[in-house]
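Contents: one structure, followed by commentary.
The values are calculated or read from the model by the stated rules, or taken from the named source; none is laboratory data. Fair warning: this is a prediction, and the values are worked out from it, not measured in the lab. Positions of Cβ are generated from backbone atoms using ideal geometry, with glycine treated the same way; all protein chains shown enter the neighbour counts.
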Amino acid sequence: MLGMILAQAAETVMQFGLDKFGACLGAAIAAIGAGIGIGKIGAAAMEAIARQPESAGDIRSNMIVIAALIEGVALFGVIVCVLSLFI
């Protein structure tokens, strides 16, 4: 039942040509979300380094790992949106 509803909704979206707009909007949201997330991580890391300068190396390495994970998730989101344009 749910599959039929989703198929009908997808057919309606494709009929009006909104599928490309939705894919572009999804890619933009993924990129903006990643930028906001990495910015918050950087701000929190700088605040933590200011509070405890002796642990700057550990904080910086953790920040880089977490930022890479967020960027990977955003890349997956953008790739899915781009693939939805061609499929």
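The table for this structure:
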{"quantity": "Which listed residue, of 21, 76, is assigned to a helix (DSSP H, G or I), of a type in the set (Phe, Trp, Tyr), surrounded by fewer than 12 Cβ atoms within 10 Å (Cβ to Cβ) and at pLDDT below 90", "calculated": "21"}
{"quantity": "Set 23, 45, 27, 68: member being touching a Lys or Arg at 6+ places or on another chain (Cβ under 8 Å) and of a type in the set (Gly, Ala, Ser)", "calculated": "45"}
{"quantity": "Residue, surrounded by the fewest Cβ atoms within 10 Å (Cβ to Cβ), within the range 51-71, restricted to residues that are in contact with a helix residue (DSSP H, G or I) (Cβ under 9 Å, 6 or more places away or on another chain) and of a type outside the set (A, V, I, L, M)", "calculated": "52"}
{"quantity": "All positions within the range 1-33 that are aliphatic (A, V, I, L, M) and touching a Leu at 6+ places or on another chain (Cβ under 8 Å)", "calculated": "23"}
{"quantity": "Members of the range 32-50 found to be buried (at least 16 other Cβ atoms within 10 Å of the Cβ) and within 19 Å of residue 76 (Cα to Cα), listed by number", "calculated": "34, 37, 38"}
{"quantity": "Pair list, Cβ < 7 Å and 6+ apart or interchain, from the range 33-46 residues that are under 22 Å from residue 57 (Cβ atoms) to residues that are part of a helix (DSSP H, G or I) and hydroxyl-bearing (Ser, Thr, Tyr)", "calculated": "none"}
